[in-house]
Amino acid sequence: NAGVMQNPRHLVRRRGQEARLRCSPMKGHSHVYWYRQLPEEGLKFMVYLQKENIIDESGMPKERFSAEFPKEGPSILRIQQVVRGDSAAYFCASSPGTGGGMNTEAFFGQGTRLTVV
Amino acid sequence: AQSVTQLDSQVPVFEEAPVELRCNYSSSVSVYLFWYVQYPNQGLQLLLKYLSGSTLVKGINGFEAEFNKSQTSFHLRKPSVHISDTAEYFCAVRWSSGGSNYKLTFGKGTLLTVNP
């Protein structure tokens, strides 16, 4: 059973370009979460999605950032018109459910390291 | 707001010495507690978790942690570290009450450096 797959692992964009980060959850997982890790910081929650639905986007910046998890295919985190402050590691996690018990654990991908030059 | 505090940003130790990485969180209501390890340029790997039951939790690579509800702490320990334990360690908390019980709140991390 493959783990959470993120691509690309590294992404370099010039200021003003768009960045697209992809995440394929573990098989059987229908819940996807995106977190951002700024330099020397812990991970910060950005958004929680289920298939075709955004459940909680309270951690997303109000502008330029969007996320989707279509019925088919990976989840996409999209950053438009990137700025240097967007440089960070973006991690995706997935879980089979939410709440307590065995559904609690979220499995993380390797992350995408975005560098804006 | 709920928060997680890792008191030490860096912990240098010698090989085979014991180590404790400290973690405190802001609220004593129902919580699920986790420790993750991140090796350089890698993703997060779960070391151990506390969901319920025994307050002493054993994880992978010889690590263990103890949930202390009265002190709202979940310190990570290992009796004898190896060079290969050099990594960043993150404490994370999920508050099980309220509408956002899926959300992990992370501490800022502790860089453990094991020296020969």
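The values are calculated or read from the model by the stated rules, or taken from the named source; none is laboratory data. Computed from a predicted model, the values in this text were never measured in an experiment. Please note: Cβ atoms are built from the backbone with ideal geometry, for glycine as well, and neighbour counts cover all protein chains shown.
Output the residue which, of all residues in the range B:27-44 that are polar (S, T, N, Q) and loosely packed, with under 15 Cβ neighbours inside 10 Å, is nearest to B:Asn101 (Cα to Cα).
B:Ser30
Give just the number: which of (1) within 11 Å of chain A (Cβ to nearest Cβ); (2) farther than 12 Å from B:Tyr89 by Cα does B:Gln6 not satisfy?
(2)
A:Glu63 is checked against (1) free of Cβ contacts under 8 Å to residues at least 12 places away in the same chain; (2) at positive phi; (3) not β-branched (Val, Ile, Thr) and fails just one. What number does that condition carry?
Condition not satisfied by A:Glu63: (2).
If you check A:Leu43, A:Leu114, A:Leu38, which single one turns out to be at pLDDT 95 or above and closer than 28 Å to B:Leu47 by Cα?
Unique residue meeting the criteria: A:Leu114.
For a quick check of your reading: which strands (runs of 3 or more DSSP E) sit entirely within the range A:51-98 and have at least 1 residues that are within 14 Å of chain B (Cβ to nearest Cβ)?
A:53-56, A:88-95
Among the strands (runs of 3 or more DSSP E) confined wholly to the range B:1-51, which include 3 or more residues that are over 11 Å from the mean Cα position of the chain (by Cα)?
B:10-14, B:31-38
Quick check on this structure: which one of B:Lys103, B:Lys108 is farther than 21 Å from B:Gln10 by Cα, within 13 Å of chain A (Cβ to nearest Cβ) and outside any strand (DSSP E or B)?
B:Lys103
Restricted to the range B:66-81, and to residues that are assigned to a strand (DSSP E or B) and either on the phi > 0 side of the Ramachandran plot or in contact (Cβ under 8 Å) with a residue 40 or more places away in the chain (or both), which residue is surrounded by the most Cβ atoms within 10 Å (Cβ to Cβ)?
B:Phe74
Pick out the one residue from A:Lys44, A:Lys51 that is under 12 Å from the mean Cα position of the chain (by Cα) and either surrounded by fewer than 17 Cβ atoms within 10 Å (Cβ to Cβ) or at positive phi (or both).
On inspection, the qualifying residue turns out to be A:Lys44.
Filter the range A:1-50 down to the residues that are away from chain B (no Cβ under 14 Å) and basic (Lys, Arg) and list them by number.
Answer for the range A:1-50, where residues must be away from chain B (no Cβ under 14 Å) and basic (Lys, Arg): A:Arg13, A:Arg14, A:Arg15, A:Arg20, A:Arg22, A:Lys27.
Hey, any hits in the range A:62-77 for a residue that's among the charged types (D, E, K, R), under 14 Å from the mean Cα position of the chain (by Cα) and under 25 Å from B:Phe90 (Cβ atoms)?
no
When the residues of the range B:82-100 are filtered to those that are part of a loop (DSSP other than H, G, I, E, B) and more than 8 Å from chain A (Cβ to nearest Cβ), which remaining residue is nearest to B:Gln10 (Cα to Cα)?
Per the criteria, the residue is B:Thr86.
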